[in-house]
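This report refers to the structure that appears directly beneath it.
The values are calculated or read from the model by the stated rules, or taken from the named source; none is laboratory data. None of the values given here were measured: they were computed from a predicted structure. All Cβ positions, even for glycine, are placed from backbone atoms using ideal geometry, and neighbour counts span all protein chains on display. These area figures cover heavy atoms from the full protein model, side chains too; ligands, DNA and RNA do not enter into them. Shrake-Rupley method; radii C 1.70, N 1.55, O 1.52, S 1.80 Å.
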Amino acid sequence: MTDSIPVIAIDGPAASGKGTIAARVAEALGFYYLDSGALYRIATLNALQKGICLDDAEALTVATQKIAPIFKEGRIFLEGQDVTTAIRAEEVSAATSRVAVVPGVRAALFELQKDAAQLPGLVADGRDMGTVVFPDAPLKVFLTATARVRAERRYRQLLERGEEADLAALTADLEERDRRDSKRATAPLKPAEDARDLDTSEMGIEEVVKKVLSWWDEAR
Ligand code: DC
């Protein structure tokens with residue numbers, strides 16, 4: 001019974017700023033926020049920890065059907081373990097785009113995502129929120145930015161956190177991830193037909209949030 005619950009679907013490629021934008025929009029509206037990428041990362045971390053081969057679609061599917069992550073006060077727990085930081089590790093990011101191609105994994109995470117739609121509303125970010133998970137969302141936004149701009153944003157984030165970063169490697173990695181996310185047979189990264197495209201290459205966060213909120217005012 002999610003149809004009567006307002007949902008804003010925000011999709012786009014890696015490092016397009018979806019997470020930040022979606023969280024800000026949710027905060028402004030008092031809505032829940034779903035980071036669907038986190039679910040794919042959790043499923044992947046779970047598989048890595050259990051020693052499951054990433055080519056074994058059946059084992060990945062069965063393991064994902066059993067996960068019951070808990071989101072509490074900004075932290076994510078899996079089987080009692082705080083995995084908030086672990087799911088963002090580079091090793092997990094790279095493995096996740098492989099795990100996310102498995103149809104059984106996507107099906108297993110589908111219900112968890114649907115369950116996130118609760119009143120007063122939900123802002124959901126990912127790759128297939130508008131096309132597959134919430135096709136009836138009254139507002140669908142597809143955020144883009146060039147791979148170079150996205151790599152530069154990530155580069156700055158890493159430097160700010162005191163981590164090492166290589167701009168050329170980050171750009172190549174994003175391009176490879178885009179390719180994998182867009183080419184997969186199940187739920188590829190693409191805008192829904194009725195999505196509003198927004199190229200954020202030249203925009204700041206506040207400007208993008210304002211734009212999405214103004215579209216929401218028009219849509220509801
Ligand atoms: O948004 P993110 O970087 O946390 O996503 C991690 C991976 O999960 C990325 O490879 C794309 C995949 N993903 C997906 O296939 N479908 C979603 N709805 C969200 C993420």
Among the aspartates and glutamates, which have Cα under 18 Å from the Cα of Lys114 when same-chain residues fewer than 8 positions away are ignored? Asp3, Asp11, Asp35, Asp125, Asp128, Asp136
So what is the diffusion coefficient of the range 36-82 in µm² per second by Stokes-Einstein at 10 °C and 1.306 mPa s, using a Kirkwood Rh over Cα pairs? 144
Explain nothing, just compute: Karplus ³J(HN,Hα) = 6.51 cos²θ - 1.76 cosθ + 1.60, θ = phi - 60°, for every residue of the range 81-98 in order, whole Hz, x for Gly and Pro. 9, 7, 10, 3, 7, 4, 6, 9, 4, 4, 4, 6, 4, 5, 5, 5, 5, 7
Expressed as a whole percent, how much of the Cα-Cα distance distribution for the range 7-121 exceeds 20 Å? 42
Checking the a/c ratio against 1.5 first, then a/b against b/c, what shape does the Cα gyration tensor give for the range 161-220? oblate
Amide H contacts of Ser201 (H built 1.01 Å from N, under 5 Å, at least 5 apart or other chain): Thr146
Excluding Val25 itself, calculate the net charge of residues whose Cβ lies under 11 Å from the Cβ of Val25, where each Lys or Arg counts +1 and each Asp or Glu counts -1. +2
Counting only other residues whose beta carbon sits under 13 Å from that of Val208, what net charge do I get with K and R as +1, D and E as -1? 0
Leaving ligands, DNA and RNA out of it, report the carbon-plus-sulfur percent of the accessible area of the chain at a 1.4 Å probe. 52
Using only Cα atoms, what Kirkwood radius does the range 126-198 have, in angstroms? 13.7
Working from the alpha-carbon coordinates of the chain, get Rg over Rh, Rh being the Kirkwood radius. 0.94
Would you rank Glu193, Glu202, Glu111 by solvent-accessible area, highest first, keeping every protein chain in place and using a 1.4 Å probe? Glu193, Glu202, Glu111
